[in-house]
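Worksheet: the structure to be examined is printed underneath.
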Amino acid sequence: MTLIFKSDSDHWQDWQQSLKDAMPDLDCRNWDDTGDDDAVEYALVWKPPLGELRRRFRNLKVIFSLGAGVDHLLVDPDLPSGVPIVRMVEPELTRGMTEYVVLHVLRYHRLVPALEDQQKHHVWNVLPTPTAPKRRVGIMGLGVIGQDSFRVLSALGFALSGWSRTAKSIPDVTCYHGRDGLSAFLAETEILVCLLPYTAETDNILNRDVFSGLPQGAYLINAGRGGLQDEDDILVALESGQLAGATLDVFREEPLPVEHAFWDHPKVTITPHNAGTAQHWSAAKEVIANIRRIQKGQAPLHIADSAAGY
Ligand code: NAP
Ligand code: GLV
């Protein structure tokens, strides 16, 4: 029983140790290690080379994504057929994302960019600062991460609304869904947080139409995927003042090209796709718990819906 691991950004030795701690008899191999590929039943991967899972591993039972998003796998037209893809759902990845959302919502809510600018110019000027119940925060994507972010934003007292594909009911959150619900959701959102997956339906969804549906001077925080955003439309909306600021963790091209206009834009905050990352010491336990389910003949938890794309 072998698990194959592939990631260019996660540390293999740490993952190997944590997987072994959770299941000592599991044989764990890194992608380029030599060994019997036919013994590989589980793949734990981030952006594997296209076509390779199918070509190399004929006895795969499950593909575990190292990330919550599975777009990096579904982009492969040659995936092994009939092998379920399991999303990474683990408490520390979720916690990291919630930390990111709360940090940047509070930063805009408390006008930190304007205060930093005042300090740079030695200006002492008291800016009117409402408290959280008078600040309307809207989240696109009410899944594992969106709902955990609401938990903390709600405790802080923000006025909350959310938008998803199917109808939801979440305490203290005004919920909208579907294309029909989008304009009402946007109209009441001063800080827009995007936590959507990247799918055929969500491609380029953060565009001029969405920005013009927000109140003038709204803020955008995108920690979903770069493919969700029209980057030219963001620049235009910032220029016109329709958007007062944008915090972006994800980009159409990553790493963000050095010449991209976002880098030096005074209203853009860039983070290098590090809003939330699976932590090996926590995530390995979730992966192994799912392997134990499979061994007992149960379906693994958090199987992605390949047709829906997330
Ligand atoms: P999830 O639990 O699968 O939730 C996805 C949410 O998006 C659901 O509420 C879903 O609606 C909604 N959605 C999907 N398609 C939609 C559409 N066409 N219109 C409206 N809503 C739609 O996913 P998650 O675990 O919260 O993760 C969300 C995403 O965050 C990931 O896919 C990934 O792209 C991103 N992410 C980024 C980082 C980072 O470091 N930047 C880290 C982790 C995750 P329903 O509830 O109706 O199904
Ligand atoms: C990271 O981007 C993830 O999908 O977990």
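The values are calculated or read from the model by the stated rules, or taken from the named source; none is laboratory data. What you see is a predicted model, and the numbers here were worked out from it, not measured in a lab. Positions of Cβ are backbone-derived with ideal geometry, glycine not excepted, and every protein chain shown enters the neighbour counts.
Given the criteria in a loop (DSSP other than H, G, I, E, B) and either assigned by TED's automatic domain parsing to the domain that holds residue 288 or touching a Lys or Arg at 6+ places or on another chain (Cβ under 8 Å) (or both), does residue 44 qualify? No: the conditions fail for residue 44. Among the residues of the range 282-308, those identified as within 13 Å of ligand 2 (Cβ to nearest atom) and either touching a Gly at 6+ places or on another chain (Cβ under 9 Å) or not in a helix (DSSP H, G or I) (or both) are 302, 304. Among the residues of the range 132-156, which ones are crowded, with 24+ Cβ neighbours inside 10 Å and either not hydrophobic (A, V, I, L, M, F, W, C) or not assigned by TED's automatic domain parsing to the domain that holds residue 219 (or both)? Of everything in the range 132-156, those that are crowded, with 24+ Cβ neighbours inside 10 Å and either not hydrophobic (A, V, I, L, M, F, W, C) or not assigned by TED's automatic domain parsing to the domain that holds residue 219 (or both) turn out to be 138, 146, 149. When restricted to residues that are closer than 20 Å to residue 222 by Cβ and of a type in the set (Val, Ile, Thr), the range 100-131 contains 4. The C-beta contact set for the range 156-178 (first residue within 20 Å of residue 305 (Cβ to Cβ), second residue of a type in the set (Phe, Trp, Tyr), distance under 6 angstrom, 6+ apart or interchain) comprises 163/176; 163/185. Checking each residue in the range 147-193 for being assigned to a strand (DSSP E or B), within 15 Å of ligand 1 (Cβ to nearest atom) and closer than 25 Å to residue 93 by Cβ picks out 160, 161, 162, 163, 164, 170, 173, 175, 177, 192, 193. When residue 129 is tested against the conditions (1) without any contact (Cβ under 8 Å) to a residue 60 or more places away in the chain; (2) within 26 Å of residue 277 (Cα to Cα), the lone failure is (2). For residue 103, the criteria (1) in a loop (DSSP other than H, G, I, E, B); (2) within 22 Å of the chain's Cα centre (by Cα); (3) more than 16 Å from ligand 2 (Cβ to nearest atom) hold in every case but one, which is (1). Just wondering, is there one or more residues in the range 233-242 that are more than 13 Å from ligand 1 (Cβ to nearest atom) and of a type in the set (S, T, N, Q)? Yes, that holds for at least one residue. Kindly indicate whether residue 179 is surrounded by 17 or more Cβ atoms within 10 Å (Cβ to Cβ) and basic (Lys, Arg). Spelling it out, it is not the case that residue 179 is surrounded by 17 or more Cβ atoms within 10 Å (Cβ to Cβ) and basic (Lys, Arg).
For the range 58-76, the candidate set comprises residues that are in a loop (DSSP other than H, G, I, E, B) and more than 9 Å from ligand 1 (Cβ to nearest atom); within that set, the residue that is surrounded by the most Cβ atoms within 10 Å (Cβ to Cβ) is 66. Here the range 243-281 is the region considered, the condition is being among the small types (Gly, Ala, Ser) and away from ligand 1 (no atom under 14 Å from the Cβ), and the residue that is farthest from residue 211 (Cα to Cα) is 261. Across the range 82-96, which residue is farthest from residue 284 (Cα to Cα) among those that are within 10 Å of ligand 2 (Cβ to nearest atom) and assigned to a loop (DSSP other than H, G, I, E, B)? Per the criteria, the residue is 87.
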